[in-house]
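Bear in mind that the values in this text are calculations on the coordinates, not laboratory data. This structure is a prediction, so every number in the text was calculated from the model and none was measured. Reconstructed Cβ throughout: ideal geometry from the backbone, glycine too, with neighbour counts over all protein chains shown.
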Amino acid sequence: MIVLQATHIYKSFGSVDVLKDATLSIREGERVGLVGRNGAGKTTLLKIITGNLQPDAGEIIRPKCVSIGYLAQGGGQECNRTVWDEMLDAFAGLIHQENQLRVLEEKMSAPNVTSNQALLNKITEEYTLLRESFSRNGGYEYEATLRSVLHGLKFTEDYYQTPVDNLSGGEKTRLALAKLLLTKPNVLILDEPTNYLDLETMGWLEKFLQSYPGAILTVSHDRYFLDTLAQTIYELEFCSLTRYTGNYSRYLTAKAEELERRAKQYKKQQEEIAHLEDFVRRNIARASTAGRAKSKQKLLDKIKPLERPTTDNRKISLALESSRQSGKEVLMVKELCVGYSGKPVSRNINFTIYRGERIALLGPNGTGKTTLLKTIAGALAPLSGTIRKGYHVQENYYDQEQTNLNYEKQVINELWDDFPELNEQDVRTVLGKFLFTGDDAHKLVGNLSGGEKSRLALAKLICGRANLLLLDEPTNHLDILSNEALEEALAGFGGTILFISHDRYFINKIATRVFELTETGIQSYQGDYDYYRSKKTELASLDSTEEKTVTEGKSNYLRRKKVQREERNKLRRYAELEDLICSLEEEIKVIENELYQPEVYGDHEAYRQKNRDLEELRKKLENYLTEWVELSDTIPD
């Protein structure tokens, strides 16, 4: 069944065409990724699909019974209620049913009802139907579900009574996502849902969406996310949509194959046309061959010329070079403590980085990754400990907030003022490689989009010719083609790189080592993101009877043993909760059946006592279910 369809959509802004004859369809339960370069019109299409923008022509079709939920890019929850109260809105229907059940219970125990058998039977039947609907729709688990989703998106109980207006912009966006997931629309439309999520939360979201009962349409630059989730990819290019079956990696392969096939067809047709034109030209004037020439001309006239296959593959041209080579040891950090205003964020940081290494700095949001990078770059003073740079080390720092850009300057002056030794032609050449051509060079920096500011910051980065690059989220705001260009440049860079990124695809392409930062120091893993994740899973699932060689010191061994003990305790409690839940559910069924017995509903006091017992058991069941759901999120599959 098709749950959503956009047919022959056209949209222009002034003289600029954004969508031309764009058609898209989504089937029930389908996971669809929408990709295309920045400015291609992806968000415009989502706004048209959700009714927030009217198309110039075309139609959006969906059955009346199909509900749509939309998370706009950067769209955050806004209200003055607490987090908990705002999230309860997602269950307004269930809460209404719950209140109706309480009202009916009061009615059934009222003396004027218990003494009237016909009226009691009528109310009891109404109560039974309502209770079955309430149970079927998750009425007894909705608080447990709410806690589970909030926990997965990093909202602990400390947040529950916090006013939504007091949250940061990123937290408001995560809260909007949480509420959308809880409302469970038939079609979930997400515009860059992984923004503001750390790696752990991205993993939780992917797992949640994989089991989501409805259809999903998502725009994302996160290729790892698209590979994990998407079953279908729509590419928006040259104002039109093309559908590909499979995830993002399969789409890349299929697109390349399609372009190659069309190129061969185009070449073959061009050769055929050239051959026919040559025959006609050589033979049309001679009486003996004029007839054949006219016949060939008719064939030529019937040929419908194929368009030359093209793709919008414009991307930044990035070549990173350093002015000179550094010594073997590039960065030595000992007993470092970093933070702000004397307040530590992370401490006991020890590591050595060697020439040519490309190290990803990972860790949950708030552990101090950016603080550490700024401290190494000299933008912050260390609270204690030492940072020593090696021989001939020259660093360059890429700030994810682009605070080093002057918004009052024109683009060309922003680059030229930092590198006055370049002539104008050199400056324009560099800007051209980053897609700033013609009048773009005279735009005010403050008027640039997020992607354009990122490209300008990267242009300044390559002109610095440093041999140590400190990069804080360099892929933010870049489209996929720009990400690929950056990956190629960094992979071929002869210097050393320490970078922060939430882009797991990017980390896999670049990293030769992973640093995991916690409040108590750094753990090093040789390899890329997939290796780091597999090692973390392996350490988390070690059984107490396994004997493992200690390769990273006694402290690391003890930490792993502690993790094992905690996992065993969780598993024991998980099994215990399942038994308790089953037992309570049986008790509840018994009491619910007893309520319909004449000796009970005919005895006012006995009926009220049974209802009190039932309410107590349901509360206990809800508490057990909440604990069970929270535990299930922490236990590996």
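Please compute the contact order of the range 329-539 in relative form: average sequence separation of alpha-carbon pairs under 8 Å and at least six residues apart, divided by the residue count, as a percent.
So the answer I get is 28 percent.
Just to verify a number: FRET efficiency for Tyr391 and Asn350, C-beta to C-beta distance, R0 = 25 Å, to 0.05?
The calculated FRET efficiency here is 0.75.
Beyond 22 Å between alpha-carbons counts as too far, so tell me which of Lys11/Lys172; Lys47/Lys433; Lys369/Lys536; Lys535/Lys561; Lys154/Lys184 fall in that bin.
Violating the 22 Å limit, Cα to Cα: Lys11/Lys172; Lys47/Lys433.
Could you order the peptides 283-290, 2-9 from most to least packed, using the average number of other C-beta atoms within 10 Å per residue?
So the order, starting with the most tightly packed, is 2-9, 283-290.
Once the piece of chain linking Ser384 and Arg261 is laid out straight, how much longer is it, given 0.36 nm per residue of separation minus the C-alpha distance between them?
So the chain would gain 38.1 nm between Ser384 and Arg261.
For the range 423-473, what class follows from the C-alpha gyration tensor (a ≥ b ≥ c being the square roots of its eigenvalues): rounded when a/c is under 1.5, otherwise prolate if a/b is larger than b/c, else oblate?
oblate
Where a Cα-Cα gap under 20 Å defines reach, which lysines qualify for Lys619, not counting those fewer than 8 residues away within the same chain?
Here the lysines satisfying the reach criterion relative to Lys619 are Lys589, Lys610.
Return the FRET efficiency for the residue pair Arg81, His8: r is the Cβ-Cβ distance, R0 is 56 Å, and the value is rounded to the nearest 0.05.
Using R0 = 56 Å, I get an efficiency of 0.85.
Kindly provide the GluC sites (Glu not before Pro) of the range 63-165 that DSSP labels as loop, not H, G, I, E or B, and whose Cβ sees at most 12 other Cβ atoms within 10 Å.
Glu78
Output the 0 to 90 degree angle, nearest 10, between the alpha-carbon long axis of helix 480-491 and the longest principal axis computed from the alpha carbons of the chain.
70
Which trypsin sites (Lys or Arg not before Pro) in the range 325-400 sit in a loop by DSSP (not H, G, I, E or B) and have at most 14 other Cβ atoms within 10 Å of their own Cβ?
When the trypsin sites (Lys or Arg not before Pro) of the range 325-400 are filtered for loop state and at most 14 Cβ neighbours within 10 Å, Lys328 remain.
How large is ³J(HN,Hα), in whole Hz, for each residue of the range 29-36 in order, when computed from phi with the Karplus curve 6.51 cos²θ - 1.76 cosθ + 1.60 and θ = phi - 60°, using x for Gly and Pro?
Coupling constants for the range 29-36: x, 6, 10, 10, x, 10, 10, x Hz.
For the range 163-175, in order, what is each residue's ³J(HN,Hα) by Karplus, 6.51 cos²θ - 1.76 cosθ + 1.60 with θ = phi - 60°, in whole Hz (x at glycine and Pro)?
x, 4, 5, 8, 7, 6, x, x, 5, 5, 5, 5, 5
Measure nothing but the geometry: give the 0 to 90° angle between the long axis through the Cα atoms of 199-210 and the longest principal axis through the Cα atoms of the chain, rounded to 10°.
70
If R0 is 45 Å, what FRET efficiency do you get for Arg559 and Asp426 from their C-beta distance, rounded to 0.05?
My answer for the efficiency is 0.30.
Is the shape of the range 563-630 rounded, prolate or oblate, going by the alpha carbon gyration tensor and its root eigenvalues a ≥ b ≥ c, with a/c under 1.5 for rounded and a/b larger than b/c for prolate?
prolate
Beta carbons within 10 angstrom, averaged per residue: use that to sort the peptides 571-579, 610-618, highest first.
For the peptides 571-579, 610-618, the packing ranking is 610-618, 571-579.
How much of the DSSP beta bridge set in the chain is antiparallel, as a percent to the nearest 5?
Counting DSSP beta bridges with both partners in the chain, the antiparallel share is about 55 percent.
Measure nothing fancy, just the Cα-based angle from helix 290-302's long axis to the longest principal axis of the chain, in degrees from 0 to 90, nearest 10.
Helix 290-302 sits roughly 30 degrees off the main axis of the chain.
Would you pull out the residues with amide H under 5 Å of Ile522's amide H, same chain only if 5 or more places away, H placed 1.01 Å from N?
Asn350
With runs of 4+ DSSP H residues as the only contributors, calculate the mean residue ellipticity of the chain at 222 nm using -39,500 (n - 2.57) per run, divided by the residue total and rounded to the nearest 500.
Dividing the helical sum by the residues of the chain leaves -15000 deg cm²/dmol.
Cut-off under 14 Å on the C-alpha distance; same-chain residues fewer than 8 positions from Lys460 excluded. Which aspartates and glutamates are left, in chain and number order?
Glu321, Glu395, Asp399, Glu414, Asp417, Asp418, Glu421, Asp426, Glu452
Once label points are set 7 Å from the Cα along Cα→Cβ at both Arg465 and Gln269, what is their separation, rounded to one decimal in nm?
Between Arg465 and Gln269, the simple spin-label model gives 5.0 nm.
Which shape class applies to the range 329-539: rounded if a/c is under 1.5, otherwise prolate when a/b exceeds b/c and oblate if not, where a ≥ b ≥ c are the square roots of the Cα gyration tensor eigenvalues?
Note, shape of the range 329-539 comes out prolate.
Order of 415-421, 299-305 by packing, highest average Cβ count within 10 Å first?
The most tightly packed comes first, giving 415-421, 299-305.
What list of ³J(HN,Hα) values in whole Hz, one per residue of the range 127-135 in order, does the Karplus curve 6.51 cos²θ - 1.76 cosθ + 1.60 (θ = phi - 60°) give from phi, with Gly and Pro shown as x?
Result, ordered by residue: 5, 4, 5, 5, 5, 5, 5, 4, 5 Hz.
Determine the relative contact order of the chain: mean sequence separation of Cα pairs under 8 Å and six or more apart, normalised by residue count, in whole percent.
The normalised contact order for the chain reaches 14 percent.
Got a sec? Which residues in the range 422-442 would a label at Ser323 touch, if it sits 7 Å along Cα→Cβ and we count backbone N under 15 Å?
It comes to 422, nothing else.
Using a simple spin-label model with points 7 Å from Cα along the Cα→Cβ vector, what separation in nm is obtained for Ile284 and Asn593?
9.4
In terms of Cα to Cα distance under 13 Å, which aspartates and glutamates are near enough to Lys255, apart from those fewer than 8 places away along the same chain?
Output for Lys255: Glu235, Glu237, Asp312.
What does the net charge come to around Ser295 if you take all other residues with beta carbon closer than 13 Å to its beta carbon, with K and R at +1 and D and E at -1?
Once positives and negatives cancel, what remains is +4.
At 7 Å along Cα-to-Cβ for each site, give me the label-to-label distance between Ser295 and Asn121 in nm.
9.4
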